[in-house]
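**Student:** Please find one structure pasted underneath; my questions will follow.
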Amino acid sequence: MTTPEMERFRTGAAKYAAYLETFEGRLRLDLAAPNLLEFLPRETSLRVLDLGCGTGAMAVRLAKLGQHVTCLDSSEEMLSFAQQASEHAGVSARIKLQPGNVTAIGELFRAHSFDLILCHNILEYVDDPGTVLRAASSLLSESDGLISIVVRNQAGEALKAAIRDGDLEAAERNLVSEWGDESLYGGKVRLFTPDTVRRLLLESSLAPVADRGIRIVADYLPPTSAGKREYDRVFEFERKLGKRPEFTAVARYSHWLARRTSPISEEVG
Ligand SMILES: C[S@@+](CC[C@H](N)C(=O)[O-])C[C@H]1O[C@@H](n2cnc3c(N)ncnc32)[C@H](O)[C@@H]1O
């Protein structure tokens, strides 16, 4: 079944690819990458599953490091971008593209068949993030399986509405709302609080090993400011802020890294 959330990406892959080239789009990826690499063993070839891989930007980075990545996405258009990116980078032999719905991963893959699973900006678009996370957890290898989750942060949406848009009504709404406005495609996007993520992890037998903030000040720099013109400087500053809880709390995105704790009672699939 195609939901409106899936439909917006099916027909909007080019728009998404263009967004990833913007200052904000680049930063989200560039900040998530080192957060993740910090927790990966060196010189080991991992079996990676990228859920809602989009244009394959993170998958290609991992494949360049020698990882074998299965890219799952419901949008053929996104997968076609991912294919081009993997060919362009010369890593197509290490990337497998798989069309499919994340809600069916329990049937698509064998239990414990991945060392690393990426859930980067996908849980915002599914009906039941908890079910997807539990299924993902059951696919993780029992020895040290790692999951990497990037989600929209509710507090960050409140700040964005107030600081960037000057829209205090939306800011008030976002302070408590489970849904925010999607600026790229229109429609709604699910917002997460740290408490929600912690609960979802616990229910999926996943224990957090780190939580980081992504894009804390970058979205609010005036377009004319020196910072906005100096990508590397903003990146380095964001790296520092993103590791400090007082700033992480208000980031646009929360990045959680978690490991499987014990077998979940009811394995999916
Ligand atoms: C916001 S994009 C994120 C892409 C990528 N993970 C990234 O971080 O750049 C969300 C992606 O999830 C995919 N998607 C949305 N709902 C899905 C579903 N139910 N099953 C599989 N993919 C889905 C979309 O097609 C889109 O490529």
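The values are calculated or read from the model by the stated rules, or taken from the named source; none is laboratory data. Quick caveat, the model's predicted, so the values are computed rather than measured. Counting neighbours? That spans all protein chains shown, and the Cβs are built from the backbone with ideal geometry, glycine included.
**Student:** How about the range 57-92: which of its residues are under 22 Å from S141 (Cβ atoms) and among the small types (G, A, S)?
**Tutor:** A59, A63, G66
**Student:** When you check E142 against the structure, is it out of contact with any helix residue (DSSP H, G or I) (no Cβ under 9 Å at 6 or more places or on another chain) and closer than 30 Å to P41 by Cβ, yes or no?
**Tutor:** Numbers: out of contact with any helix residue (DSSP H, G or I) (no Cβ under 9 Å at 6 or more places or on another chain): yes; closer than 30 Å to P41 by Cβ: yes.
So E142 passes the test.
**Student:** If you take just the helices (runs of 4 or more DSSP H) that sit entirely in the range 167-259, which of them hold at least 2 residues that are among the hydrophobic types (A, V, I, L, M, F, W, C), surrounded by 16 or more Cβ atoms within 10 Å (Cβ to Cβ) and touching a residue at least 12 places away in the same chain (Cβ under 8 Å)? Even if it seems obvious, please write down each step before you answer.
**Tutor:** On the way: elements: 168-176, 194-203, 226-229, 231-241, 245-248.
Output list reads 194-203, 231-241.
**Student:** Oh, and also: Criterion first (surrounded by fewer than 17 Cβ atoms within 10 Å (Cβ to Cβ) and either away from the ligand (no atom under 13 Å from the Cβ) or at pLDDT 95 or above (or both)) does D144 satisfy it? Before the answer, list the steps.
**Tutor:** On the way: surrounded by fewer than 17 Cβ atoms within 10 Å (Cβ to Cβ): yes; either away from the ligand (no atom under 13 Å from the Cβ) or at pLDDT 95 or above (or both): yes.
The answer is yes for D144.
**Student:** Same structure again: Can you name every residue in the range 128-166 that is assigned to a helix (DSSP H, G or I) and aliphatic (A, V, I, L, M)? Spell out how you get there, then give the answer.
**Tutor:** Quick first cut of the range 128-166, residues assigned to a helix (DSSP H, G or I) only: 129-139, 154-164.
V132, L133, A135, A136, L139, A155, A158, L159, A161, A162, I163, listed by residue number.
**Student:** Within the range 6-22, is there a residue that is more than 13 Å from the ligand (Cβ to nearest atom), among the aromatic types (F, W, Y), modelled with pLDDT under 95 and more than 13 Å from the chain's Cα centre (by Cα)?
**Tutor:** Taking the range 6-22 first, the residues more than 13 Å from the ligand (Cβ to nearest atom) are none.
No.
**Student:** Would you kindly identify the strands (runs of 3 or more DSSP E) lying entirely within the range 32-99 that contain at least 2 residues that are without any contact (Cβ under 8 Å) to a residue 40 or more places away in the chain and more than 13 Å from the ligand (Cβ to nearest atom)? Quick ask: steps written out before the conclusion?
**Tutor:** Details: elements: 47-51, 68-73, 95-99.
Where strands (runs of 3 or more DSSP E) fall fully within the range 32-99 and carry at least 2 residues being without any contact (Cβ under 8 Å) to a residue 40 or more places away in the chain and more than 13 Å from the ligand (Cβ to nearest atom), they are 95-99.
**Student:** I've got another one for you. Do we have A155 as among the aliphatic types (A, V, I, L, M) and within 15 Å of the ligand (Cβ to nearest atom) here? Can you show your working first?
**Tutor:** Numbers: among the aliphatic types (A, V, I, L, M): yes; within 15 Å of the ligand (Cβ to nearest atom): no.
Against the criterion (among the aliphatic types (A, V, I, L, M) and within 15 Å of the ligand (Cβ to nearest atom)), A155 does not qualify.
**Student:** Something else: Please work out which one of (1) surrounded by fewer than 23 Cβ atoms within 10 Å (Cβ to Cβ); (2) touching a residue at least 40 places away in the same chain (Cβ under 8 Å) is the condition I122 fails and give its number.
**Tutor:** Answer for I122: the failing condition is (1).
**Student:** Now for a different question. Return the residues of the range 196-244 that are over 18 Å from the mean Cα position of the chain (by Cα), under 30 Å from S138 (Cα atoms) and among the hydrophobic types (A, V, I, L, M, F, W, C); say none if nothing qualifies.
**Tutor:** Residue satisfying the conditions is L202 alone.
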